[in-house]
Amino acid sequence: MAPTGTKKGILERLDAGEVVIGDGGFVFALEKRGYVKAGPWTPEAASEHPEAVRQLHREFLRAGSNVMQTFTFYASDDKLENRGHTQRFTGKQINEAACDLAREVANEGDALVAGGVSQTPSYLSCKSEDDVKATFKKQLDVFVQKNVDFLIAEYFEHVEEAEWAVQVLKTTGKPVAATLCIGPEGDLNGVSPGDCAVRLVKAGAQIVGVNCHFDPATCVKTVKLMKEGVEKAGLKAHYMSQPLAYHTPDCNRQGFIDLPEFPFSLEPRILTRWDVQKYAREAYDVGIRYIGGCCGFEPYHIRALAEELAPERGFTPAGSEKHGSWGSGLDMHTKPWVRARARRDYWEKLKPASGRPFCPSMSTPDGWGVTKGHADLMQQKEATSEEQLKALFNKANKDH
């Protein structure tokens, strides 16, 4: 099914070898701006504060994004009502509003709209395959009604649930991408990245890769393993990467949510724009052509992707009007020592200081080892009780 208007579709672009620049991390960006609540991380802002969501879309578009992902992360009904989280809007209303905002801004440039679904409390609580698929179908019905250009199943810790999502999404006939939030060790059941990718392709995904949970270096390594698995199986796919904008060399299999700094003290780990340019080049060199970002990625990070890959794409984004390549705009600074930094080799070789003399360079992840089926992961509609919290506090204190 072709995208709206005369724009080339996602597969048409990738089949031609074009670089597709994704967008950044909406939930983290909007949490910092005061529109998303940390904890549930749900996207009701699409209905409550559409101006905030629209503006962030526009900033990513100006930075070079070719894809406006609908702000529908965790917009399944079971997640919107999880653990006492009450809503003024229905899941259908939130998904509809998110689609309208993404389309409005995509129409302002050469961008496509991608409708996205993500992992569900229903799966973690061991609901049946039919129940989980029905949850995805509710969101999908809105995406079909709003005629998004393609679909993404993103942020899955278990490949089995991602397979179910892909199977539902592919019934539309629209292109389907699938990204897991895994590292080189594989999903939380120990399925390797290569085997995960093969299963997703066989389920019907034309684009596979990873998003969230890990830094760019880890994600590129993981997608490379996925690519090797797909090729070994004699299958074909396109590849995508949308990592964190945080350095996570100390993460275990669970990724950054196991770090003690998650989610409110991650700022010392943030990638510089130069780190992002390095990531863009490394991703391109291993054959990834859909390159974007997830949590922590702000518009200036996306602009860095677009600027690094400008030679391959043939142009720079509109946002580069206010950004000299490799700091060249600093030649206009009043201070001579800052003008001396208007060069690539300065920024490429810089080792940024944190300014925190008593802080460690790395942390020890929590590593509770809890996954689907564990009592602590069973989800509920009621608010978390004081007794439940006390038990968790005691466990955390004991582990430390």
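The values are calculated or read from the model by the stated rules, or taken from the named source; none is laboratory data. For clarity, every value in this text was computed on a predicted model and none was experimentally measured. Note that each Cβ is placed from the backbone with ideal geometry, even for glycine, and that neighbours are counted across all protein chains shown. With ligands, DNA and RNA removed, areas are computed over all heavy atoms of the protein, side chains included. Shrake-Rupley method; radii C 1.70, N 1.55, O 1.52, S 1.80 Å.
D for the chain, whole µm²/s, Stokes-Einstein with Kirkwood Rh over alpha-carbon pairs at 20 °C and 1.002 mPa s: what number? For these conditions, the coefficient is 99 µm²/s.
The distance linking region 245-280 with region 191-210 is 24 Å (Cα centroid to Cα centroid, whole angstrom).
Using Stokes-Einstein with the Kirkwood hydrodynamic radius over Cα pairs, what translational diffusion coefficient do you get for region 300-367 at 10 °C and a viscosity of 1.306 mPa s, in µm²/s rounded to a whole number? Estimated diffusion coefficient is 107 µm²/s.
Near residue 66, the amide H atoms lying under 5 Å from its own belong to 21, 22; only residues 5 or more places off or on other chains count, and H is placed 1.01 Å from N.
Each Lys or Arg adds one and each Asp or Glu takes one away; over the other residues whose Cβ falls under 11 Å from the Cβ of residue 321, this sums to +3. Extending 7 Å from Cα along the Cβ direction at residue 252 and again at residue 138 yields two label points whose distance is 3.4 nm. Other residues within the sphere of radius under 15 Å centred on the Cβ of residue 232, judged by their own Cβ, net out at +2 (K and R +1, D and E -1).
Within the full protein context, the accessible area of residue 395 is estimated at about 70 Å² for a probe radius of 1.4 Å. For the modelled label position 7 Å from the Cα of residue 368 along Cα-to-Cβ, which residues of region 156-199 have backbone nitrogen atoms closer than 18 Å? Zone members listed by number: 157-158, 188-189.
In square angstrom, what is the accessible area per residue of the chain with a 1.4 angstrom probe? Display every interim value, and only then the final one.
Values: 17860 Å² over 400 residues.
Each residue of the chain exposes 45 Å² on average to a 1.4 Å probe.
Pairwise Cα distances in region 99-221 exceed 21 Å in 39 percent of cases.
Of the peptides 141-153, 31-43, the order by per-residue mean of other Cβ atoms within 10 Å, starting with the highest, comes out as 141-153, 31-43. Between the beta carbons of residue 343 and residue 300, assuming R0 = 25 Å, the FRET efficiency works out to 0.80 to the nearest 0.05. DSSP finds beta bridges in the chain, and of those with both partners inside it, around 5 percent are antiparallel. Length available on full extension from residue 331 to residue 33: 0.36 nm per residue minus the Cα-Cα distance, which gives 104.1 nm.
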